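> Questions regarding the structure given below will be posed in turn.
The values are calculated or read from the model by the stated rules, or taken from the named source; none is laboratory data. Every value quoted in this text rests on a predicted model; they were computed, and no experiment measured them. Neighbour counts are summed over all protein chains in view; Cβ atoms, including those assigned to glycine, are modelled from backbone coordinates with ideal geometry.
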Amino acid sequence: MRAKDPFKTSSKLQLNWQQRTQRPLPDSIKFALGSFEQIWIADGSTLEALFRKLKGMHNKHQITEGRNE
């Protein structure tokens, strides 16, 4: 497998960063900005996928333990 070109990745990140102000804000963000001076937004989708995977591994481990007893 070939490694990704870090300059291409960096260029894409820079382009995305520059375009972020051109996208309209969702209504929920506009509402929050009306009440708060600053807000933080985080994408938890990767974390949620990790939790699902860990939960599945935990359940599998419990079944394996039950068979060994």
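> Keeping to the range 6-38, report how many residues are assigned to a loop (DSSP other than H, G, I, E, B) and either among the polar types (S, T, N, Q) or surrounded by fewer than 10 Cβ atoms within 10 Å (Cβ to Cβ) (or both).
Residues of the range 6-38 assigned to a loop (DSSP other than H, G, I, E, B): 23-26, 36-38.
Checking the rest, the ones that are also either among the polar types (S, T, N, Q) or surrounded by fewer than 10 Cβ atoms within 10 Å (Cβ to Cβ) (or both) come to 23-24, 36-38.
Residues flagged as assigned to a loop (DSSP other than H, G, I, E, B) and either among the polar types (S, T, N, Q) or surrounded by fewer than 10 Cβ atoms within 10 Å (Cβ to Cβ) (or both) within the range 6-38 amount to 5.
> Inside the range 34-49, can you point out the residues that are hydrophobic (A, V, I, L, M, F, W, C) and either touching a Gly at 6+ places or on another chain (Cβ under 8 Å) or modelled with pLDDT of 85 or more (or both)? It would help to see each step written out before you state the result.
The initial filter retains those residues of the range 34-49 that are hydrophobic (A, V, I, L, M, F, W, C), namely 36, 39-42, 47, 49.
Across the range 34-49, the qualifying residues are Phe36, Ile39, Trp40, Ala49.
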